[in-house]
């Protein structure tokens, strides 16, 4: 994946999910010239507990976001 496309996708995700700002995603190739980007972090909830938060983004070769899923 091109670095310019990766940065543009990361910026979109950081805007939509501020808790992911600065997280470097894991990148996995997918079929049909797509790439899966996985952003993971831990967030503190109201009770003071730390919960794992993940955002999975499927991107095509042109940088178009095909699908975004997130954990609760």
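Quick check: the distance between the Cα centres of the stretch 7-38 and the stretch 43-71, to the nearest angstrom?
Taking the Cα centre of the stretch 43-71 as reference, the centre of the stretch 7-38 is 9 Å away.
Mean residue ellipticity at 222 nm from the helices of the chain, using -39,500 (n - 2.57) per DSSP H segment of n ≥ 4 over the full residue count, to the nearest 500 deg cm²/dmol?
One gets -6500 deg cm²/dmol as the mean residue ellipticity at 222 nm.
Can you give the Kirkwood hydrodynamic radius for the chain, in Å, rounded to one decimal and based on Cα pairs?
Taking every pair of different Cα atoms in the chain, averaging 1/r and inverting gives 12.7 Å.
For a quick check: sort 45, 9, 59 by the number of other beta carbons within 10 angstrom, fewest at the front.
With the fewest neighbours first, 45, 9, 59 line up as 45, 9, 59.
Please compute the length gained on full extension between residue 41 and residue 14, using 0.36 nm multiplied by the number of residues separating them and subtracting their Cα-Cα distance.
8.5 nm
Pairing the Cα long axis of helix 3-16 with the longest principal axis of the chain, what angle in degrees results, from 0 to 90 and rounded to the nearest 10?
Around 30 degrees separate the two axes.
So between residue 54 and residue 67, what do we pick up on full extension, going 0.36 nm a residue minus the alpha carbon distance?
Residue separation times 0.36 nm, minus the Cα-Cα distance, leaves 3.3 nm.
How much length, in nm to one decimal, is gained on full extension between residue 2 and residue 32, taken as 0.36 nm per residue of separation minus their Cα-Cα distance?
Using 0.36 nm per residue and subtracting the Cα-Cα distance, I get 9.2 nm.
Only the coordinates and a few stated rules stand behind these numbers; no lab work does. In this text, all values refer to a predicted model and were calculated from it rather than measured experimentally. Ideal geometry is used to build each Cβ from the backbone, glycine not excepted, and the neighbour counts take in all protein chains shown.
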